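Notes for the one structure printed next.
Every number in this text was worked out from the coordinates using simple rules, so none of it is lab data. Not measured: the values here are computed from a predicted model. Note that we place each Cβ from the backbone using ideal geometry, even for glycine, and neighbour counts take in every protein chain shown.
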Amino acid sequence: MISVEEALEKILSYIEVLEPEEKPILDCLGQVLAEDIYSTIDIPPLDNSAMDGYAVQVTDTRGASESSPKKLTVIGEVAAGSMPTTKVKAGTAIRIMTGAPLPEGADAVVQFENTDEVARKASLELSVDSCQLKEIGILCQASKGLNVRYRGEDIAKGALILQSGTALRPAEIGVLASLGHSTASVIRRPVVSVLATGDELVDISQPLHPGKIHNSNTYAIAAQVLRYGGIPKILGIGRDLVQSLNKKIDEGLDSDMLITSGGVSLGDYDIVKDVLAKRGEIALWTVCMKPGKPSAFGVIKSGGRKVPHLGLPGNPVSSMVTFEQLARPAILKMMGKTNFTKPSVHAIIEDDVKNNDGRRLYARVIVTKREGKYHARLTGPQGSGILTSMTKANGLAIIP
Ligand code: AMP
Ligand code: MG
């Protein structure tokens, strides 16, 4: 029996990063960039205004205050998306909107709130957004660059903006868009075949007859695959017969990884291990964890390929917990990710938990924070068949 860390190291030694694919940027969310992205443009492309206001020369605002406004002649207006047609000269101002290019000659923007625009329009009985004023009073002294966004201050032309290996989050998707990329090259998502085994299983679309249970593992596992970025390929249910299993396994060999559940412990009908041994090689078998001890990993040979196969135990909780520890990092590695850790905290366990069989226990708990400390409470009975112990949990307590 090997430790969880040893098992993981072994599994990851068989897993390779997949090849890149080019696709629309929105479809790349969560995937890892497979190219360096350099900018061919400046962002913003021109000096522009960060506020709605008046583009002015700083020297014209010296000494301006509410009690002694500096009056400037309004010589034009510029909206976002258009270019200024005149320069700001001494004694003049141009009305400017957020994002509009800063007119030549101006070196600051005084926002509307620091001008007498509203008061002036009110006294002239003009609506706030109609009709350009001939004159504007500036009510504060501006410093050079006030409310100005400079060309290239976000992204400079020629700079390396996103490095190959970066996992794309919404912010990176936005940056790609601002650079004018409609597609990106990313490491493709792995297709993960999911096969349940057991004569007791029936599909969720079928009625339950005595002795049968619904195949829940396939759906929990496929959901986990999806959650971590893979594409599940559901193979259905394999019977506890070598022939049935082999046929199902064949259907999954075009995928990047095969995950089976059940049939890996020591019962008479636990044949997944035997099939694996005949069709490939077993790299590990039994891991020092609870739940999840009977977990197998190996590769199945198919043509020139070796398809990684993770055999999870059949008990629904064991299957999910071992997926988290062993399958999740493998999927992340295939996707080009390098950080496999989940957030963890030290917590005080509030129940009396005995763990004396030498295996690391993953208890299903509800973690809360009180007075600066984390506390963990068991979700109830912890049997490895009690799947609702997972639904009630917001964490797994790792108990050595
Ligand atoms: P096994 O590992 O095949 O011995 O299965 C252990 C336990 O998990 C048995 O009680 C099975 O009925 C149950 N089990 C196995 N596969 C599934 C499945 N796909 N969905 C729900 N329960 C399962
Ligand atoms: Mg079984």
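Whose amide H sits under 5 Å from the amide H of ILE349, counting only residues 5 or more places off or on another chain, with H placed in the peptide plane?
Amide H neighbours of ILE349: ALA376.
Give, as a single signed number, the net charge of other residues whose beta carbon lies under 14 Å from the beta carbon of GLU35, with Lys and Arg counted +1 and Asp and Glu -1.
Numbers: positive: LYS23, ARG188; negative: GLU19, GLU21, GLU22, ASP36, GLU172.
Value of the local net charge: -3.
Can you tell me how the chain classifies by the Cα gyration tensor, rounded, prolate or oblate, using a/c under 1.5 as the rounded cut?
On the way: a/c = 3.50, a/b = 2.55, b/c = 1.37.
Prolate.
Given H placed 1.01 Å from N in the peptide plane, which residues other than close sequence neighbours of GLU104 have an amide H under 5 Å from its amide H?
VAL88
Go ahead and estimate [θ] at 222 nm for the chain from helices alone: -39,500 (n - 2.57) per DSSP H run with n ≥ 4, summed, over the residue count, rounded to 500. Spell out each step's value before the answer.
On the way: 9 runs with 73 residues, N = 400.
Value at 222 nm, helices only, nearest 500: -5000 deg cm²/dmol.
Just subtract the alpha-carbon distance of LYS278 and GLN163 from 0.36 nm times their residue separation and send over the number in nm, one decimal. Spell out each step's value before the answer.
Values: separation 115, 0.36 × 115 = 41.40 nm, distance 4.32 nm.
Taking LYS278 through GLN163 to full extension adds about 37.1 nm, to one decimal.
What is the spread of the Cα atoms of region 103-246 along each of their three principal axes, largest first, in whole Å?
Here the spans come out as 90, 43, 22 Å, largest first.
Can you tell me the relative contact order of region 221-334? Whole percent, Cα pairs under 8 Å, sequence separation 6 or more.
Values: 178 pairs, mean separation 29.7, N = 114.
Once normalised by length, the contact order is 26 percent.
Pull out a ≥ b ≥ c, the square roots of the eigenvalues of the alpha-carbon gyration tensor of region 1-160, then state rounded if a/c is under 1.5, prolate if not and a/b is larger than b/c, and oblate in the remaining case. Write down the numbers at each step before the final one.
Details: a/c = 3.42, a/b = 3.09, b/c = 1.11.
Prolate.
Taking the Cα centre of region 62-116 as origin, sum charge times position over the Cβ atoms of Lys and Arg (+1) and Asp and Glu (-1), and report the length of that vector in debye to the nearest 20. Mind showing how you got there, number by number?
Values: 6 positive and 6 negative charges, 45 e Å.
It works out to roughly 220 debye.
What share of the DSSP beta bridges in the chain is antiparallel, in percent to the nearest 5?
Expressed as a percentage, antiparallel bridges in the chain total about 60.
What residues qualify as long-range amide H neighbours of ALA93, i.e. H under 5 Å apart, gap of 5 or more or another chain, H built at 1.01 Å from N?
Long-range HN contacts for ALA93: THR73, VAL74, ILE75.
What is the magnitude of the charge dipole of the chain about its Cα centre, with +1 placed on the Cβ of each Lys and Arg, -1 on the Cβ of each Asp and Glu, and no other charges, expressed in debye to the nearest 20? Before the final figure, lay out each step's value.
Values: 45 positive and 45 negative charges, 150 e Å.
Dipole of the chain, to the nearest 20 debye: 720 debye.
Can you run phi through the Karplus equation (6.51, -1.76, 1.60; θ = phi - 60°) for region 202-209 and list ³J(HN,Hα) in whole Hz, with x for Gly and Pro?
Coupling constants for region 202-209: 10, 5, 5, 7, 9, x, 8, 9 Hz.
Sequence gap at least 6, Cα distance under 8 Å: using those rules, report the relative contact order of the chain to the nearest whole percent. It would help to have the intermediate numbers written out before the result.
Working: 882 pairs, mean separation 69.4, N = 400.
Answer for the chain is 17 percent.
Given labels modelled 7 Å from the Cα in the Cβ direction, how far is it in nm from LEU266 to GLU21?
Result: 4.3 nm between the two label points.
HN-Hα J couplings of region 338-344 from phi, Karplus 6.51/-1.76/1.60, θ = phi - 60°, integer Hz, Gly and Pro as x?
Each residue's phi maps through the Karplus curve to give 10, 9, 9, 7, 9, x, 9 Hz.
Could you tell me the calculated FRET efficiency between LEU124 and HIS346, based on Cβ-Cβ distance and R0 = 56 angstrom, to the nearest 0.05?
With a Förster radius of 56 Å, E is 0.25.
May I ask you to evaluate 6.51 cos²θ - 1.76 cosθ + 1.60, the Karplus curve with θ = phi - 60°, for each residue of region 292-297 and list the ³J(HN,Hα) values in order in whole Hz, giving x for glycine and proline?
Going residue by residue, I get x, 3, x, 10, 10, 9 Hz, with x marking Gly and Pro.
Please report the relative contact order for region 193-238, taking Cα pairs under 8 Å with a sequence separation of at least 6, and give it as a percent rounded to a whole number.
Working: 62 pairs, mean separation 25.0, N = 46.
The normalised contact order for region 193-238 reaches 54 percent.
Which order do the peptides 29-42, 251-264 come out in when sorted by mean C-beta neighbours inside 10 angstrom, highest first? It would help to have the intermediate numbers written out before the result.
Values: 29-42: 16.9, 251-264: 23.9.
The peptides rank, most packed first, as 251-264, 29-42.
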